[in-house]
Every structure is written in C-alpha cells, then in structure tokens.
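No value in this document is a laboratory result; all are computed from the given coordinates. These numbers come from a predicted model, not from an experiment. Cβ coordinates were reconstructed from backbone atoms using ideal geometry, including for glycine residues, and neighbour counts include every protein chain displayed.
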Amino acid sequence: MLNAIRDLMQPPAGMAFDFSQPAGEPALAPHDGISWRLFSNPVSLFIGGVAAVLLELAEPSVQSGVWDHSGFRRDPAMRLRRTGFAAMMTVYGPRTAAEALIARVVRMHGHVSGTTPGGLPYHANDPRLLDWVQATASYGFTQAYRHYVRPLSAVEKDAAFAEAGPAARLYGAVGAPDSWQAWDALLAATAPGLEGSAILADFMRIMGEAAILPAPLRPLQRLLVRAAVEISPEPVRSLPQLRGRGLRAGEATLVRALARAAALLPLGDAPPAQAARRLRA
C-alpha cells in the first residue's frame, strides 16, 4: 500500500531523470533544510498537493488557466505525476536541471491566456497568479506534514516558505510569501475573491475515480483526498463543493498512522535518496 503511494514520487513515463547526477551539484532547496524532509513523505506529499490544487481552483483566474489549458481532465494521473515531478526537481534536482525545467514551464505559460467565465482576462505569467500558486503549494505541503506527520515549530514553518523562494522567483512569483505570517496575509487578501464552482466539484469527482493508485487502493485514494479537504483553510473548506467532504470520525487517526508509517519507509531509489547520493559524491 505505502509502496504504491511512494511510486508516485518517481518521474512519469517519458520523463526519466537521474537525481544522483552530476556529483556534488546542489539543489535549489538546501539539503539540510525543512523542504527535504517535507517532500520525502509520499502520504503528506499527496495530501498537500491536492490541498494546493483545491486552493488554486478556488481562485477564478488560476482555475481557468489550470482547467482550460492543462491535460487534467483527459489524464489526471499523468498531470499529477508531471506536477509532482516538477516539485521533486525544484527541491531535490541539481540546480542547473531545475532551472532548465522551470524555464521551460515559464515559456509554456507565456502561451496560456484567456478569459474567466466571469469575464476577467488572465495570463498564466501574471505575477499575482503566480504568487498564489506558489503560496498554495508551500501551504499545502507544509500543512499536510505538520497535521499528519509531526508538528513543526514556527521557525520550521517559516523556513518551508523561505526555502521555496529561489524556485518561486524563477517562475516569476516575485511576491510569493516567505513566511507563515506572509501566507496568512496573502490568504486574507485573496479570500474575498475565492469561490466555489462546478469545476471544483468536477475535480473532487475526478480525484475519487481516477486511476492514480491501483484499483484496490481507490478507497485509500478517496481518504487522502478527504484529508486534503480537512486541512484546507477557510473560506475554501466551507465552499459548497467541499463542505462536509473532509475526514469522518476516526479517519484523522488513520491518516496520521499512514503518514507516520511512510516516514519510516525506506526511500528505495526515489528522488530524495538519489539526491542524497549526489551530494555525498
């Protein structure tokens, strides 16, 4: 079961990458920082990634950019794996490879623009939208880890945001929060514009049905999605499409047991283990 979740950390088909090379090259995130620990737990990583998407889809302009210009509806499993690979690269990948990947994404975003259903024009490289996307990712991964794996100190929570800064700035998110307090301020400023939608409902349905984990583990997949709803901040958690969709009685204990067991699981040849070998070399 946990091995199946751990496999999600591996690069998707066609994107194989050896994180153990080149020897000695540092990553964008410090190897002795909190990010290397946060991203090594596949259970909290999955939960945090889903929570980040819930926050993104609640922002109308980000929602339109994600839903209208990505392959999520056609192949959600591949889309999630590609996004996960990008996260692995920004934390564990050699700096030059991470910078090259981010540059490709920025170029692709240059062609993503349109109008929301409410008539607002948007562009994927708008710094305001990039700040929100980067902030929601930092929040999702940090909150999932501290809620289901182990508590984090105020210093560690701030560090999680600060360590994401180099990658965020390369994406163009020059105003992304660099601390938990800055995240709270951005959330408060953005909250009045967050809203529910049929797209948010579609996302929840797809995440429950898509072949992300093997079929026998689909109930576990739905449990982890509910765990993501549980850690979503207000006002998102109370949107009509998410209200009452969090964890049921006793399920938080089960999720914590899974996440803490995953922390003890050997990493095998996952990106964190490969990256550690690269730096030791």
**Request:** Taking H placed 1.01 Å from N in the peptide plane, check which residues at least 5 places from G114 or on another chain put their amide H under 5 Å from its amide H.
**Result:** Y122
**Prompt:** For region 2-280, rounded, prolate or oblate, judged on the Cα gyration tensor with a ≥ b ≥ c (square roots of eigenvalues), a/c < 1.5 rounded, else prolate if a/b > b/c?
**Reply:** rounded
**Fill in**
Largest fluctuation, L224, L152, L129 only, Gaussian network model of the chain with Cα springs under 10 angstrom, belongs to L152
**Message:** How charged is the neighbourhood of L194? Take every other residue with its Cβ under 13 Å from the Cβ of L194, and add Lys/Arg as +1 and Asp/Glu as -1.
**Reply:** -3
**Request:** Rank the residues S138, S64, S153 as a footprinting-exposure proxy: fewest other Cβ atoms within 10 Å of their Cβ go first.
**Result:** S153, S64, S138
**Message:** What does the C-alpha gyration tensor say about the overall shape of region 91-148? Classify as rounded when a/c is under 1.5, otherwise prolate if a/b is larger than b/c, or oblate.
**Reply:** oblate
**Prompt:** Taking the Cα centre of region 1-134 as origin and charging only Cβ (+1 Lys, Arg; -1 Asp, Glu), how large is the dipole, in debye to the nearest 20?
**Reply:** 240
**Asked** Between rounded, prolate and oblate, where does region 109-189 land on the alpha carbon gyration tensor, with a ≥ b ≥ c its root eigenvalues, rounded for a/c under 1.5, else prolate if a/b exceeds b/c?
**Response** prolate
**Message:** If I take every Cα pair under 8 Å that is 6 or more residues apart in the chain, average their sequence separation and divide by the length, what percent do I get for the relative contact order?
**Reply:** 32
**Request:** Quick one: among A52, A198, A249, which has the greatest mean-square fluctuation in a GNM of the chain with alpha-carbon springs under 10 angstrom?
**Result:** A249
**Asked** Among Q181, Q241, Q143, whose mean-square fluctuation peaks in a Gaussian network model of the chain (Cα, cutoff 10 Å)?
**Response** Q181
**Prompt:** If you put +1 on each Lys and Arg Cβ and -1 on each Asp and Glu Cβ, how big is the dipole of the chain around its Cα centre, in Debye rounded to 20?
**Reply:** 720
**Request:** Take the alpha-carbon centre of region 212-281, take the same for region 146-206, and report the distance between them in whole Å.
**Result:** 17
**Request:** With only Lys, Arg, Asp and Glu charged, each at its Cβ (+1 for the first two, -1 for the last two), find how big the charge dipole of region 155-281 is about the Cα centre; round to the nearest 20 debye.
**Result:** 480
